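Nothing in this text is a laboratory measurement; each read-out follows from the coordinates by a stated rule. None of the values given here were measured: they were computed from a predicted structure. Neighbour counts are summed over all protein chains in view; Cβ atoms, including those assigned to glycine, are modelled from backbone coordinates with ideal geometry.
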Amino acid sequence: MSKSARWDLKDNESKHLPIYQHKPKLIQAVKNSTFLVVTGETGSGKTTQLPQYLHEAGFCKNGKIGITQPRRVAAITVAQRVAEEMQYTLGREVGYQIRFDDCTSQDTVVKYMTDGCLLREILADPGLSQYSVVILDEVHERSLNTDILLGLLKKIFSNSPKASKSRSFPLKVVVMSATLETDKLSAFLSNCPVFTIPGRTFPVTCTFGSAVGPKDTESTSYIKEVVNMALAVHTSEMAGDILVFLTGQSEIERACDLLFEKAESIDYRYDVQDQTVEGLLILPLYGSMPTDQQRQIFQPPPPGIRKCVVATNIAATSLTVNGVKYIIDSGFVKQLNHNSRVGMDILEVVPISKSEAQQRAGRAGRTSAGKCFRIYTKEFWEKCMPEYTVPEIQRTSLTAVILTLKCLGVHDVIRFPYLDSPEERFILEALKQLYQFDAIDRRGNVTQLGELMVEFPLHPGLTRAVLKATSLGCKDLLLPVAAMLSVENIFIRPGHPDKQKEAEKKHRVLAAKSGGTNDFATLLTVFQSCKSSDRPSEWCKENWIHWRALKSAISVETQLRDILLRLQQNRDIPKETFDGKKSEVFRRCLCTGYFTNVARRSVGKVFCTMDGHGSMVHIHPSSSLFDQEAGLNWVIFHDVLVTSRMYIRTVCPIRYEWVKDLLPKLHEVDVYELSSVARQEVTDEEMTKWDTREAAKRQPEVSKEEIM
Ligand code: CDP
Ligand code: MG
């Protein structure tokens, strides 16, 4: 097919989208006011078309059009699609930027990016002087960064659209949402106008299943069930594509393998109801998938072939797969939640909300009537599924965003305009952590260290460890580790038992190479060995390491190094000296970032965390320290996995004396102090009282034998 013919096709396609009829009015609406809420059914063309309309209308004369997405994959695939539709090369006029991957250039005028990226840009340029329009997309998802952006843009631009000397023209802010809560959004943005794109939707019949009931919230039987259901739909329903909602990458890959295996044995002469159906094309769809594979999702399947996309929640609103007639809903989602038992954020599988289930079902009714098969019972719906999804801001750690706000000069972080306020204790928890990491002082002001920390797109603890290593002249030890912990899991765990044994053996060899007792050091060894190998991808294959993950770790490390170099040139990073073994200095650096994650052996294989929660934890079987008992009394860990037990992962043995002076900081501040600091209500007199008062240093009680 020639290029122009393809363009015609795409052009016609986009003219059939519901948004097309409203093009002139929409452009006018954006021109008329500073803030505008645009709402319309998922798939109506908001994300891909509106930026093109505004580009056509000349908005780019004054600056870029920036569109934020809560999800990385969405930012990439949509930018690709729009570049194609506009016939530009991706990365030139149309580009995208996500954390650690910038695909834009000097020429970029339509820029898709994650909400986190725009937040970083505001830090460097609060007036957003490079933009003529900023579009916050997928606001109904209520991601933490989008919520913060909403508050910030309201604060900066609602009284003065020009808002800064660096701007020569007023900024336009468009907020896009799939139907929900538009009145609330408009009220929040000084009663701004709401533009509704009327949608066409067709009825979707929903049926409940019998496989998952209220007692099954912790089992993973839903994987098998969705596979069975997909197979049943494939064989007994008329032609039309299937969209399966599952939880995450590994579950999706397992389901695809299972489905493939079972679909192989179908005899299309006898087994299928609709004789026009001659095959099944199984496609996974999740966040960290290679982009060329993602593109396949949007291609129509060959004639006679039924497409079955097995996706995470990303297919609920961020991406629209055309041709879907059947939905299979597992009823679960993988979500980052703050776990107050452990005092940190944990990725867990939880039942979806009822509104989420309705959104999932709706994906079957875009072009004709559809069907939604829920594998869970009516009782599960009634007893286990909440009405609405709780916004991320009310369920995850606020440490990084509070530091960003403080660096932007927003000191009263309690009375910041939140669309939905987080609980005060979450804000105080974040302030406490920032104080513990020395990112803010007792008065709540950002310290020099805090100003350095905010520059890194990493967890504050990890940043602090990197900065400590820089001071001690050993950043080469810590940068790779920080990079490795910022990408998806790098160790391959094959499903087949024999292969699994082989992989584990290889991984044990890698661990042994780094001393065999420190998972952080193993990460460093893997990084260094792979990078110095002549054929790194081969090396990964031999050692059962995900090459793609490692490749991103290598690129992340370079970027972190660049940030650090820039800071070293412009700012003062103190220098320190240390005489000692390399492995000790490495672990000491880790301690400065992970002293909030210290655990000490309690009895047998049980460890007890030292952060005041006193949780009982076990070392995860994937750790090289899993079987070691002798001499292992104090450890630090990267994260916690909660299943029937609480497991700590990526573990490193330490000495008590290395954290002795840091641990008291975990108990130093009291909530009353923080609450007044957060509100900016502390009088100088009070402050002096606190400053002079001896901080309540509750040292953990430690016996002599344990100090090693
Ligand atoms: O943002 P909204 O949900 O309103 O719609 P959209 O994402 O702009 O999608 C409009 C159309 O573009 C849908 O039919 C999508 O399937 C299609 N699309 C595509 O084919 N490839 C992409 N990478 C993104 C969207
Ligand atoms: Mg969209």
Computed P(r) (all Cα pairs; the range 546-622; 10 Å bins; percent) = 14, 23, 34, 25, 4
How many nm is it between the label spots at Ala512 and Glu584, if each spot is 7 Å from the Cα in line with the beta carbon?
-> 2.7 nm
Compute the convex hull volume of the Cα atoms of the range 355-460, divide it by the residue count, and report the result per residue in Å³ as a whole number.
-> 163 Å³
Project the alpha carbons of the range 71-186 onto their principal axes and report the range along each, largest first, in whole Å.
-> 38, 35, 25
Rg/Rh over Cα atoms for the range 243-283, Kirkwood Rh, comes to 1.05
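Please identify every one of the chymotrypsin sites (Phe, Trp or Tyr not before Pro) in the range 314-402 that sits in a loop by DSSP and has no more than 16 other beta carbons within 10 Å of its own beta carbon. Working shown, then result.
On the way: sites: Tyr326, Phe332, Phe373, Tyr376, Phe380, Trp381, Tyr388; in loops: Tyr388.
The qualifying sites are Tyr388.
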Is it possible to state the helix-based mean residue ellipticity at 222 nm for the chain, with each DSSP H run of 4+ residues giving -39500 (n - 2.57), the sum divided by total residues, to the nearest 500 deg cm²/dmol? What is it?
-> -12000 deg cm²/dmol
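Rounded to the nearest 5, what % of the DSSP beta bridges within the chain are antiparallel ones? Walk me through the intermediate numbers first.
Details: 28 of 83 bridges.
The antiparallel proportion sits near 35 percent.
Under Stokes-Einstein, with the Kirkwood radius over Cα pairs standing in for Rh, what whole-number D in µm²/s applies to the range 480-633 at 20 °C and 1.002 mPa s?
Calculated translational D: 121 µm²/s.
Averaging over every viewing direction, what projected area does the convex hull of the Cα atoms of the range 299-413 cover, in nm²?
On the way: hull surface 42.2 nm².
That works out to 10.6 nm².
Just to be sure I understand: of the beta bridges DSSP finds with both ends in the range 36-192, what percent are antiparallel, rounded to 5?
Details: 3 of 26 bridges.
Looking only at bridges with both residues in the range 36-192, the antiparallel portion is about 10 percent.
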Which three extents, in whole angstrom, do the alpha-carbon atoms of the chain cover along their principal axes, largest first?
-> 77, 65, 54
Only Cα pairs under 8 Å and at least 6 apart count here; give the relative contact order of the chain as a rounded whole percent.
-> 10 percent
Pairs of alpha carbons in the range 200-262 whose separation is greater than 13 Å (percent) = 70 percent
Among the listed pairs Lys307/Lys354; Lys475/Lys531; Lys155/Lys184; Lys111/Lys172; Lys475/Lys575; Lys505/Lys541, which are separated by more than 21 Å between their Cα atoms?
-> Lys307/Lys354
Using the Kirkwood radius built from alpha carbon pairs, what does the Stokes-Einstein equation give as D for the range 1-125 at 37 °C and 0.692 mPa s, in µm² per second?
-> 215 µm²/s
Loop-located GluC sites (Glu not before Pro) in the range 375-466, at most 16 other Cβ atoms within 10 Å (DSSP) | Glu387, Glu423
Rg and Dmax of the range 199-344, Cα atoms, in Å?
-> 16.2, 57
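What's the Cα-based Rg to Rh of the range 461-571, Rh via Kirkwood? Please list the in-between numbers first.
Details: Rg = 15.0 Å, Rh = 14.7 Å.
So for the range 461-571, dividing Rg by the Kirkwood Rh gives 1.02.
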Any idea what diffusion coefficient the range 114-240 gets from Stokes-Einstein, in µm²/s, Kirkwood Rh on alpha carbon pairs, 37 °C, 0.692 mPa s?
-> 176 µm²/s
Suppose R0 equals 45 Å; then what is the FRET efficiency for Ser166 and Ser368 from their Cβ-Cβ distance, rounded to the nearest 0.05?
-> 0.35
Sparsely packed chymotrypsin sites (Phe, Trp or Tyr not before Pro) within the range 29-126, loop by DSSP, other Cβ within 10 Å at most 14 = none
